[in-house]
């Protein structure tokens, strides 16, 4: 009898492996990813089937609340987008980025770069303290530490003076956030989705999809987006990471409405509550009059929006494209775009961290370095501490700051957002910032064959996991 149960179990496992392999073939967004899963599933089904159920999905089909399906959101979006179209055409055409974003570039905006955690959270705290009507807060990681408690105190204070506060977090990224932290917010009147209310990974095999966005919107007038999460390490207080290097951007003007829209979509998905009717959708232009656009990307999109955004930026470059990212695990299209740009005489630079936070991803990057360097791409390794910023610069005309890393996870598995500025002054500010960062970095000139043995052996193996890194 025992032998019969074992035989039935083996057959069931093989059938499950075949079914998952078919799902991988029919739904994977890259042939490399599909092939990797098929081989893994067929040759090691006992391990591969459970992993595929949690990590193998490539499309978030149930993210049903999108702009195209929400008449109320579309109406508001069309109303203010028509009124705030740029007065003149930007030098770098925003057309491809607008198609990716499903929104139009808008004029009348201002931006302020914030290059470290202290500056970023001082500005965020000041905006929350001045809030009159509502605060929308979303981060991938919240920690119940010094910074996390300081934010909690300000949100509670805002709620107690009658400000509506909506608090959104990613359950995977904020896995260690204490229930006491959430209960304190709820008790003060902050809207915090409970585990029972939240839709998504707890009831579906979708833990691989993560909301990586970091958004703060106050009264529809000021917004923040960038690389910082809420934790003491983002203030440089973790000795393992050293002087944490990150970039956030403060937004004002009509583009804040687009950032607000992205939060409304995420909140609706998580809670099934539509916040849009209670928010300010009458943007006020500012004298800087920058043309800007929020580009939200994610696995719910019909196109490869994350990769397409980077591909469009690289292809638009005529003189230079500089990219700062903590991770470098590109897909073939973006890899080819980087090489082609460099071969075509464009100054292509990648700024990456020397300090390690995720070893497998760090190792995988070395498997690509020789290939892009041979084409003329310059690699810089930031030295003083961990560099976590997500920034790019195209010529003197286009700058991007947000949450999207240069890797497959950000391209295909995470919900991300970038703020793009089609403006010379914004580009100049980013240029000055990156020049200072390059001065704190070493140029990588050694081939992988000259690297220590653990990199020579580990990099090719780590690259095998590229589709989910």
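The values are calculated or read from the model by the stated rules, or taken from the named source; none is laboratory data. The structure displayed is predicted, hence computed values, not measured ones. A quick note on method: Cβ atoms are made from the backbone with ideal geometry, for glycine too, and the neighbour counts reach across all protein chains shown.
Within the set 326, 299, the sole residue that is within 25 Å of residue 224 (Cα to Cα) and modelled with pLDDT of 95 or more turns out to be 326. Taking the stated definitions as given, is residue 339 under 19 Å from residue 370 (Cα atoms) and more than 23 Å from the chain's Cα centre (by Cα)? Criteria met by residue 339. Considering each residue of region 307-314 in turn, none proves to be part of a strand (DSSP E or B) and closer than 30 Å to residue 110 by Cα.
Here residue 271 does not qualify as buried (at least 21 other Cβ atoms within 10 Å of the Cβ) and touching a residue at least 12 places away in the same chain (Cβ under 8 Å).
Can you say whether residue 436 is over 30 Å from residue 292 (Cα atoms) and outside the structural domain of residue 244 (by TED's automatic domain parsing), as far as the supplied structure shows?
No, not satisfied.
Results for (1) in contact with a strand residue (DSSP E or B) (Cβ under 6 Å, 6 or more places away or on another chain); (2) in a loop (DSSP other than H, G, I, E, B); (3) at pLDDT below 95, shown as yes or no for each residue.
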residue: 333; (1), (2), (3): no, no, yes
residue: 339; (1), (2), (3): no, no, no
residue: 342; (1), (2), (3): yes, no, no
residue: 350; (1), (2), (3): yes, no, no
residue: 356; (1), (2), (3): no, yes, yes
residue: 363; (1), (2), (3): no, no, yes
residue: 367; (1), (2), (3): no, no, yes
residue: 370; (1), (2), (3): no, no, yes
residue: 381; (1), (2), (3): yes, no, no
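If you go through region 224-257 and keep only what is closer than 19 Å to residue 433 by Cβ and either outside the structural domain of residue 111 (by TED's automatic domain parsing) or in a loop (DSSP other than H, G, I, E, B) (or both), you end up with 227, 228, 236, 243, 244, 246, 247. Answer with yes or no whether residue 295 is touching a helix residue (DSSP H, G or I) at 6+ places or on another chain (Cβ under 7 Å) and closer than 18 Å to residue 403 by Cβ. Yes, satisfied.
Listed here are the residues, each with its yes/no results for (1) under 21 Å from residue 214 (Cα atoms); (2) out of contact with any helix residue (DSSP H, G or I) (no Cβ under 7 Å at 6 or more places or on another chain); (3) not assigned by TED's automatic domain parsing to the domain that holds residue 399.
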| site | (1), (2), (3) |
| --- | --- |
| 299 | yes, no, yes |
| 310 | yes, no, no |
| 314 | no, no, no |
| 322 | no, no, no |
| 326 | yes, yes, no |
| 339 | no, no, no |
| 350 | no, yes, no |
| 356 | no, no, no |
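Evaluating residue 295 against the criteria (1) outside the structural domain of residue 381 (by TED's automatic domain parsing); (2) within 18 Å of residue 420 (Cβ to Cβ); (3) in a loop (DSSP other than H, G, I, E, B) leaves one unmet condition, (3).
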